[in-house]
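Below: the structure, in C-alpha cells.
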There are 2 protein chains.
Amino acid sequence: MPQDKAPRRPRAETPKGFRDYFGAEVTERAEMLAQIAAVYHRYGFDPLETAAVETVEALGKFLPDVDRPNEGVFAWQDEDGDWLALRYDLTAPLARVAAQFRNDLPFPYRRYAMGPVWRNEKPGPGRFRQFYQCDADTVGAPTVAADAEICAMLSDALEQVGIPRGDYLIRVNNRKVLNGVMEVAGILDPADPDRFAHERGIVLRAIDKIDRLGETGVRALLGAGRLDESGDFTKGAGLAAEQAEVVMGFMAARRETGAATAARLRELVGPSQTGSDGVAELETIAELLDRQGYGADRILLDPGVVRGLGYYTGPVFEAELTFEILDEKGRKRSFGSVAGGGRYDDLVKRFTGQSVPATGISIGVDRLLAALRAKGRIGGEAAPGPVVVTVMDRDRMADYMAIVAELRAAGIRAEAYLGNPKNFGNQLKYADRRAAPIAIIQGADEAARGVVQIKDLVLGAKIAAAASHEEWKSQPAQTEVARADLVAAVRRILDRAP
Amino acid sequence: MPQDKAPRRPRAETPKGFRDYFGAEVTERAEMLAQIAAVYHRYGFDPLETAAVETVEALGKFLPDVDRPNEGVFAWQDEDGDWLALRYDLTAPLARVAAQFRNDLPFPYRRYAMGPVWRNEKPGPGRFRQFYQCDADTVGAPTVAADAEICAMLSDALEQVGIPRGDYLIRVNNRKVLNGVMEVAGILDPADPDRFAHERGIVLRAIDKIDRLGETGVRALLGAGRLDESGDFTKGAGLAAEQAEVVMGFMAARRETGAATAARLRELVGPSQTGSDGVAELETIAELLDRQGYGADRILLDPGVVRGLGYYTGPVFEAELTFEILDEKGRKRSFGSVAGGGRYDDLVKRFTGQSVPATGISIGVDRLLAALRAKGRIGGEAAPGPVVVTVMDRDRMADYMAIVAELRAAGIRAEAYLGNPKNFGNQLKYADRRAAPIAIIQGADEAARGVVQIKDLVLGAKIAAAASHEEWKSQPAQTEVARADLVAAVRRILDRAP
C-alpha cells in the first residue's frame, strides 16, 4: 500500500505512566473486588460511586503522602472558569458527599467505594498514574468501636480473598499516643500546636522509615541529620539525646500482648492528657477485638505504625503481609503493606465547619492482587479459552456459525475463526493463541457425510510432548462424530478431569 | 461552635454535569454489567480495560455525534507538554490498543470493555458528562459474519439482563447501501468522494430524524430547508424532487422479510457497485442470523437506521426497546434506542496506515438500566437492610459488638449503632432509615438475665399499618430469646417468606 502524504500518523501508545489491562488481569481484579464487597456488605457498608471528576476546591490540598509534596493532581479549567480535577483518592470525595448529603444519608454512614484514582506524579517502575483503590469508611461514629470494626472487617476481607490467617497482621497505633510522646519529648506544646511542626514532621517520617534505615539511621534523623550511602545529607529534627530517647522508647514499646503494650505506652506518655486518651482508646480497641475473637495473631497494637498521611487524628492501622517473596534481586523480603487507614475527624469539617468523626481503610488493590499471585491463589493455570470452530470452506460460513451458535446456546464458550480462512495453519495457530481446548473441523467431505472432526488440543499437546513419533501419527486426539452429537461430544471432553 | 475567621469554606457540590451513585444504583449496574459480561465471555470476547486517560493525539478528532460539533473532551497539558484527555468513548482506545499491540494480540481480536467515558458538553436534564458504556468489538475480521455475530450477541445480552423477546428489535442497515442510494440520487461521485459531502451530511441527519420530523419534515430538509415551530430555519440539502424521491424510497424500503427488503434495496441502488455490495452483505447477514435461529422478531433489516457516527463504513445496527413508557408529560412513547454500533474499517488505519476491519456495539448502560426499572426488573422492592444492634448501655459496647460479630460470622448482614447512643429513639429512626428488618435490644436487665429482645421491624410495620391500637399494644413483633439462641432466632425471622 503506497504511503500517502497525509500528516504524520498519531502514535499508538498508552500515555506515559498509564497501562492497559487484558483478559484475566481484568477479571481477576473484578473477582477479588466482588469478594471484598461481599464482606463489606455483610458489615452493613453500602456502595458509593462518585464521578472521577471533582472540583479542585472540593479536593482541597489534603494530598496524601506528605513525603512527596511535588505529587499533584490532573486538573484543568472548565469553560465556566471552574477548576476541575481527577480525584486522587476515594476519601476526599467521601468527605464532600458526607457534607453535601448530610441531611439525606443515614448517620453513622458506612460506605465502601472501589475504583480508579489518579496521581499526577512522575511515573516509575511499578508506579502508575492511575490505579485502583478499595475503601471502606464510617462517617459520623465518634466511638473507637468503629475503628475496631474497620480492622475486623479488613481481617475478614483479607481472608476472604485468599490470604490465610498467619500470613497477615493488622497493626494498630494511635496518633494521640504519638502526640503524647511528642509532648513528653518537648516538641509538641498543646497550647501552641503549630510550634515545632517542622521537627515533628521529620520525626514522623523518620519513624515511618525504621524498617529501611534501622535504629541508627532513625537516631541520626532525630538528631543532627543523616548522611546516606550516596553522600546526600538529610537534615535531622535536632532533638537532644534525651528527647530522642523518648521517641526511640516509643517505637520499642511493642510487647507480647496488647495489654502489656498499652501499659508500656502509658508509662511513656506519662502526664500528657492526649497521650493518655490515646492509650485508653487503644485499650478499648484491643478489648473490643478480643471479645469478637480477633486475637493478636490477626490484629495487634504496634507503636511502630505511624502512617505518613497528615490528616489522621486518632487510631491508625496498617495491614501487612508477613510471608516472604523474592525481590527483583532475588533476595527474600517480607511482602509488606497492602492496606492502611485511620481516623480523620477533620475532613468533613472543611466543608461544614462542624467536626464530623470519620474512620476508614484503603486497600491497595494492585498490591493485594500481586500478593495473591505470589501465593499462587490466582493466575496459576491459564483459564481455558473458547472452543474454536475452524473455517474450511468460506462459502459455508453459515454452517460454521450455526455450530458456534449451538455450542453457545449450550453454555459452552465458543467462537468461529473470522479471519481470512485461506491458510488453515493460521487457524490452528489462532486456536493455540486463544488457548482453545478444542478445535472443530468440517470440510466439504465431512459435511456431505454429516459429521465433524473434534480435535482435542489439550490431549494433543500432551501427546506431542510425551509420545513417540509413531504414537503421534495415530492422532488419537482427533475424533469424528455425527454432526448431531457435536455438543455432547464437546461437553464430554470439556468435563474431563484435567 | 464559634465561626473561625478561616478563608471561605469550600462548597460541597458534585461538579456540574456529574453525579453520585448510592447503594442499589451501584450494585444494580454492576449486576447488569456482570450478566452482559457473561454473554460476551460465552461468545469468546475477552475483557480489556484501558486507562481513563489517552493522549489527545491518539483520540484524534473522531468525536461521535457529528450533530454536535461543539461536543468536546476534557483535556489538559502534561508537564512534558503532551496533551492528555479523558476518553470520550471505548472505541478510540480500542483502536489505539489494536494498533499498539498488533503483534501480541490474537487476530481477529474479540474484546469487550465496560466503564465510564467523559464528554465535555453542556450538561442538561438526564445528560451527564460522565456515563458508562459497555462495548464489544471484533477487530481484524473482514467477514460480515462478525457483524452478524455482534447482533446475535446483543440479542442474547438484552434477554440475559431481562428484556424479554418481543420487547426489543435489533435493526440492521448498511452504509454502503445508503452510499449506493446517494450515488443514484447524484450526491455521491465514487471518483470524487469529497464532492457533495456537505449535502450528504444534511441528508444523513435528516434520515436520522424521521421519527421526530415525519416525512414532510425530512422532505423539507432534503430540499430547500425546513422552518420549525419556533421559527428557526434549517437550510436543506437542495436536492431536486426526483433526487429526494430516491432517498425517500430508500427509507420506505423495509418489507415484511429480510429477503423482500433486500430485493427492494437492490432495485433502488440499481447500477451502483457499492450499493450492490452493501445489499449482498445485508443478505449474508440475514442468512447467517436465520441459520442461527435469530429471526425477524429479534433482528431485522431496516433501511431507516443510519446512525449519526461519521466513521461507519459498512453494516450499522441499533437496538430499540419497543415497549411503551410514559414520558415526562404523561404521553405514551416507545422506549427507544439502548444500543448501537456498526463496522468501522478505518479507525486503526489512522495509526498504522494499514486498513484493519473492525465492527462492534456499544450499549447505553444508563438507558438500559432505566428500561429495566421501567419494566420492574430491578429496583422494585427495596433490598432489606442490615440487622441493627442497638446500644442501650455504652459501657457494654463490647457485648453489642460481639453480638454483631456473631451475626456476621453466620453470614447475616448486621451492624451496631455507632452514633451517640444517648437517645434511643434516634437509634430506632436509624434502623428505619437503614431499612433494617430486625433490631436487637439488650439493656442491663436483659444482660443480667442472659437474654436479648428481638424486634421484628417488618412485622411491626405491618401491624402498625393494619391493626387496632389494642392489638398494637400487645407488641407481638417483639420477642425475648436466650442470648445463646440469638443467631437462630434472627435467622428464623429473616428466612420467613415475605
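The values are calculated or read from the model by the stated rules, or taken from the named source; none is laboratory data. Predicted, not measured: the structure shown is a model, and the values here were computed from it. Note that each Cβ is placed from the backbone with ideal geometry, even for glycine, and that neighbours are counted across all protein chains shown.
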Residue list for region A:116-126, filter: touching a residue at least 40 places away in the same chain (Cβ under 8 Å) and more than 9 Å from chain B (Cβ to nearest Cβ): A:Arg119, A:Glu121, A:Pro123
Some residue of region A:225-235 being modelled with pLDDT of 90 or more and crowded, with 17+ Cβ neighbours inside 10 Å: yes
Residues of region B:247-273 that turn out to be in contact (Cβ under 8 Å) with a residue 60 or more places away in the chain and in contact with a Pro (Cβ under 7 Å, 6 or more places away or on another chain), as a count: 2
Flag if A:Val451 is modelled with pLDDT of 95 or more and away from chain B (no Cβ under 14 Å): yes
Pairs where the first residue, in region B:43-58, is at positive phi and at pLDDT 95 or above and the second is buried (at least 22 other Cβ atoms within 10 Å of the Cβ) and not hydroxyl-bearing (Ser, Thr, Tyr), C-beta under 6 Å, 6+ apart: B:Gly44/A:Pro386; B:Gly44/A:Glu415; B:Gly44/B:Arg110
Residue that is farthest from the other protein chains (Cβ to nearest Cβ) [pool: residues in region A:347-394 that are within 26 Å of the chain's Cα centre (by Cα) and β-branched (Val, Ile, Thr)]: A:Ile363
Candidate set from region B:395-447 (those that are within 11 Å of another protein chain (Cβ to nearest Cβ) and β-branched (Val, Ile, Thr)); member that is farthest from the chain's Cα centre (by Cα): B:Ile403
Those residues of region B:33-62 which are over 17 Å from the mean Cα position of the chain (by Cα), more than 7 Å from chain A (Cβ to nearest Cβ) and surrounded by 19 or more Cβ atoms within 10 Å (Cβ to Cβ), in sequence order: B:Phe45, B:Leu59
Hits in region B:249-258 - residues which are touching a Lys or Arg at 6+ places or on another chain (Cβ under 7 Å) and buried (at least 20 other Cβ atoms within 10 Å of the Cβ): B:Ala253
Unique residue being farther than 16 Å from A:Ala136 by Cβ and either at pLDDT 85 or above or touching a helix residue (DSSP H, G or I) at 6+ places or on another chain (Cβ under 9 Å) (or both) when the list is A:Gly330, A:Gly364, A:Gly342, A:Gly314: A:Gly314
Scope region B:358-380; condition crowded, with 23+ Cβ neighbours inside 10 Å and under 20 Å from B:Leu326 (Cα atoms); matching residues: B:Leu368, B:Ala371
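Yes or no: region A:392-404 includes at least one residue that is in contact with a Pro (Cβ under 6 Å, 6 or more places away or on another chain), more than 24 Å from B:Asp147 (Cβ to Cβ) and either surrounded by fewer than 17 Cβ atoms within 10 Å (Cβ to Cβ) or modelled with pLDDT of 95 or more (or both). Please lay out each step first, then the result.
Narrowing region A:392-404 to residues in contact with a Pro (Cβ under 6 Å, 6 or more places away or on another chain): A:394.
Those still in the list that are more than 24 Å from B:Asp147 (Cβ to Cβ) too: none.
Within region A:392-404 (the criterion being in contact with a Pro (Cβ under 6 Å, 6 or more places away or on another chain), more than 24 Å from B:Asp147 (Cβ to Cβ) and either surrounded by fewer than 17 Cβ atoms within 10 Å (Cβ to Cβ) or modelled with pLDDT of 95 or more (or both)), the answer is no, since none of the residues qualifies.
Give the residues of region A:82-129 that are among the basic types (Lys, Arg) and surrounded by 18 or more Cβ atoms within 10 Å (Cβ to Cβ), sorted by residue number.
Looking only at region A:82-129, we keep the residues that are among the basic types (Lys, Arg), and these are A:87, A:96, A:102, A:110-111, A:119, A:122, A:127, A:129.
Those that are among the basic types (Lys, Arg) and surrounded by 18 or more Cβ atoms within 10 Å (Cβ to Cβ): A:Arg87, A:Arg96, A:Arg102, A:Arg110, A:Arg111, A:Arg119, A:Arg129.
Only residues that are outside any strand (DSSP E or B) and either of a type in the set (Gly, Ala, Ser) or over 22 Å from B:Ala85 (Cα atoms) (or both): list them for region B:104-124, please.
So the first thing to find is which residues in region B:104-124 are outside any strand (DSSP E or B), and the list is B:104-108, B:119, B:121-123.
Across region B:104-124, the qualifying residues are B:Asp104, B:Leu105, B:Pro106, B:Phe107, B:Pro108.
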Filter result (polar (S, T, N, Q) and more than 10 Å from every other protein chain (Cβ to nearest Cβ)) within region B:85-103: B:Thr91, B:Asn103
Enumeration of residues in region B:129-163 that are at the interface with chain A (Cβ under 7 Å from one of its Cβ atoms), more than 16 Å from the chain's Cα centre (by Cα) and in a strand (DSSP E or B): B:Thr138
Residue that is farthest from A:Ser362 (Cα to Cα) [pool: residues in region A:88-103 that are part of a helix (DSSP H, G or I) and of a type in the set (A, V, I, L, M, F, W, C)]: A:Ala99
Filter result (more than 8 Å from every other protein chain (Cβ to nearest Cβ) and among the hydrophobic types (A, V, I, L, M, F, W, C)) within region A:106-115: A:Ala113, A:Met114
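Matching residues to (1) of a type outside the set (Asp, Glu); (2) over 21 Å from A:Asp167 (Cα atoms):
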{"site": "A:Ala260", "(1), (2)": "yes, yes"}
{"site": "A:Asp277", "(1), (2)": "no, yes"}
{"site": "A:Ala280", "(1), (2)": "yes, yes"}
{"site": "A:Tyr311", "(1), (2)": "yes, yes"}
{"site": "A:Phe323", "(1), (2)": "yes, no"}
{"site": "A:Gly342", "(1), (2)": "yes, yes"}
{"site": "A:Thr352", "(1), (2)": "yes, yes"}
{"site": "A:Gly360", "(1), (2)": "yes, yes"}
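Does B:Ala244 satisfy the condition of being part of a helix (DSSP H, G or I) and in contact (Cβ under 8 Å) with a residue 12 or more places away in the chain?
The answer is yes for B:Ala244.
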Tabulated pairs, region A:408-419, first closer than 16 Å to B:Pro108 by Cβ, second of a type in the set (Val, Ile, Thr) and assigned to a loop (DSSP other than H, G, I, E, B), C-beta under 9 angstrom, 6+ apart or interchain: A:Ala416/A:Thr390; A:Ala416/A:Val391; A:Tyr417/A:Thr390; A:Tyr417/A:Val391; A:Leu418/A:Val391; A:Leu418/B:Thr143; A:Gly419/A:Val391; A:Gly419/B:Thr143
Residues of region A:2-18 classified as within 21 Å of the chain's Cα centre (by Cα) and either facing chain B (nearest Cβ under 7 Å) or at pLDDT below 90 (or both), total: 1
Lone qualifier among B:Arg373, B:Arg394, B:Arg333 - being of a type in the set (Lys, Arg) and over 25 Å from B:Glu25 (Cβ atoms): B:Arg394
Conditions (1) surrounded by 19 or more Cβ atoms within 10 Å (Cβ to Cβ); (2) among the hydroxyl-bearing types (Ser, Thr, Tyr); (3) more than 28 Å from A:Tyr132 (Cβ to Cβ); number of the one not met by A:Ser355: (1)
Tally of residues being within 13 Å of another protein chain (Cβ to nearest Cβ), assigned to a helix (DSSP H, G or I) and not polar (S, T, N, Q) across region A:256-315: 9
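Residues checked against (1) more than 22 Å from B:Ala148 (Cα to Cα); (2) under 30 Å from the mean Cα position of the chain (by Cα):
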site	(1), (2)
B:Pro193	yes, no
B:Leu204	yes, yes
B:Leu213	yes, yes
B:Leu221	yes, no
B:Ala237	yes, no
B:Val246	yes, no
B:Leu268	yes, no
B:Ala280	no, no
Only one of A:Gly330, A:Gly360 that is touching a Ser or Thr at 6+ places or on another chain (Cβ under 8 Å) and not in a helix (DSSP H, G or I): A:Gly360
